1. Give, in nm to one decimal, the length gained when the segment between Ser410 and Tyr12 is fully stretched (0.36 nm per residue of separation minus the Cα-Cα distance).
2. For segment 340-355, in order, what is each residue's ³J(HN,Hα) by Karplus, 6.51 cos²θ - 1.76 cosθ + 1.60 with θ = phi - 60°, in whole Hz (x at glycine and Pro)?
3. Which entries in the list Lys108/Lys356; Lys14/Lys361; Lys38/Lys215; Lys13/Lys362 go over 20 Å, if you measure between the two C-alpha atoms of each?
4. Can you give the Rg/Rh ratio of segment 313-366, where Rg is from the C-alpha atoms and Rh is the Kirkwood radius?
5. For a protection proxy built on the mean count of beta-carbon atoms within 10 angstrom, sort 239-245, 460-466 highest first, please.
6. Quickly rank 309-317, 135-143, 230-238 as a protection proxy: mean count of other C-beta atoms within 10 Å, highest first.
7. Output wanted: per-residue J couplings in Hz (rounded whole) for segment 108-125, from phi through Karplus 6.51 cos²θ - 1.76 cosθ + 1.60, θ = phi - 60°, x for Gly and Pro.
8. Given Cβ point charges of +1 (Lys, Arg) and -1 (Asp, Glu) and nothing else, what value in debye, to the nearest 20, does the dipole of segment 109-250 about its Cα centre take?
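What follows is calculated from the coordinates using simple rules that are stated; it is not laboratory data. Bear in mind that the values here come from a model prediction, so they are computed numbers and not experimental data. Please note: Cβ atoms are built from the backbone with ideal geometry, for glycine as well, and neighbour counts cover all protein chains shown.
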Amino acid sequence: MAEQTAQLKLNYKKTILTGFGFMASCVAWAVYDPYITKLLDHLLGASPTVAAWSEKLASVSFLQRFMESQGNSAVSAAGRFTIVPLLIGFIMTFDNIFGVIFQPTFGKLSDRCHSRFGKRRPFILFGAPVSALLFALIPLMGTIPATMVCVILFVFVMSLWRAPVVALMPDLTPPELRSQGNAVINLMGGIGTALATVLGTIVTAFYLKANGMTKDSPGYDEFKTFPYVFLSVGAIMVLGMVVVMLFVKEKDSRLLSGDIIASRDEVARRAAEKKAEAEQKAELKAQKLGKAERRSLLFMLGGLFFLYCGSNAIQTFFALFASEILHRDTAEAQRLMLVFAVATAAAAIPAGWLGKKLGRKKTILLGLGIFLAAFVVFFAVFAAVGARKGFSLGDYVALNRDDPNNPTVSATAGMLNALVFPVLILAGFGNMLITVNTLPLVLEIGGLKKVGTFTGYYYTATFSAQIASPIVYGFFRMFSGTYLSLFYYSPIAFALAAAVIVFVRHGEAIPEKVLKEIEEKE
């Protein structure tokens, strides 16, 4: 009895060390979205070709009428209409396209990886340092084609080790403790995201001090700090890989018995390995889901699709929203996201506990409810303040666009800056309730021996959403004329996610006692 109780306690030290790989990945992605979108906005906005395409599209009569109905009158003449947001949306889907194509493949390959380092760590050993190098090169390119080459190579290599680094925790954690284990992993991810949110500010401060400048100095340009930010992220990624390789021990996953390993007969050794691999492959193939389980899996993956449609749009375009609406630069936008990251990290352990206590599905739906409440608060307060001052949402957007230094605009931007804090706190808490429990729920449907495969399915759904959402929202933003539209695009996606997840009927943790009984029967 004492032995069984000990088995049900999560090894926090081992789980924290395992989380360093995920933390390194989170640092990279937390910097990737705001800085890459700003970099692309800068490069594309300065392109004469893009300006000519924008002008040509804006001259189409029915598009002009549509834009005028959105408050964008005389957009072509004023140079206000641009296809840059749409192009950014397309480019920002590349990492997700690669995730959909390659991540399930690398997840399956890691399930069948046979090495003395285990199943997952070989992918991390190669992927993390190569990704770090490519990431550091991105801001040094200077041209759109060269930048795109580095971006594409970076997202490909990231897709190689993303599923394996996530699957490492479930491999080393009993199924009943996976929500708690995932809470710790996401806490490490939250720490990584929090670090990323202040990284730009720290680098900028050192840069200004080293050059004897301030942000108001004539020669200051935030883009000059980008190479140092990207290099710092690369160093953190390598550090995370080193921690995992040195302190996280996977079992030797080679399928050979001790006698055959010791044998000098290379032919016999290879034959034995092929036989063992074929038996493992046949066993995995024979494990099929029932009809009800497949239905739950499809509903869950559908819910993940809508969920990530909403969250990815915010994540991708937040820096541009902060620049346009809140009048903040990239480093300041990242500091705002620190509030979200801290709230997310603070909710990690409670989210794991709630997942075990209430059930994963109920906790996910609770998180979605909190998300929606955050947006309701934002719009309710904004509408109330606007009504008191005598302007509507459309009035503010037009005034902000035409006269950003207007006292009314400055006062409203200040109010929005204050209002965004409680929204980010609520969203961060709700986000962790969802994140901690979605992956374990999907893995539980898949079973014990297909962790890598179902991790791949999980990312197929999330990356599919992240392919569609930047394009759909980029198109939407192109005609709406404001990034404030993020705050009614995303709630619709979250409501759809909740409506789909309601129909999930499987995926709750199987008690350790039941698993032992199943093993004894087998």
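1. That works out to 138.5 nm of additional length.
2. 3J(HN,Hα) across segment 340-355, in whole Hz: 4, 5, 5, 5, 4, 5, 5, 8, 4, 5, x, 5, x, 5, 5, x.
3. Details: Lys108/Lys356 28 Å; Lys14/Lys361 27 Å; Lys38/Lys215 17 Å; Lys13/Lys362 29 Å.
Distance filter (> 20 Å) returns Lys108/Lys356; Lys14/Lys361; Lys13/Lys362.
4. Reported Rg/Rh (Cα atoms, Kirkwood Rh): 1.18.
5. Highest to lowest by the protection proxy: 460-466, 239-245.
6. Ranked by mean Cβ neighbours within 10 Å, highest first: 309-317, 230-238, 135-143.
7. 5, 4, 5, 4, 10, 6, 10, 8, 6, 8, x, 7, 9, 5, x, 5, 5, 4
8. Dipole of segment 109-250, to the nearest 20 debye: 360 debye.
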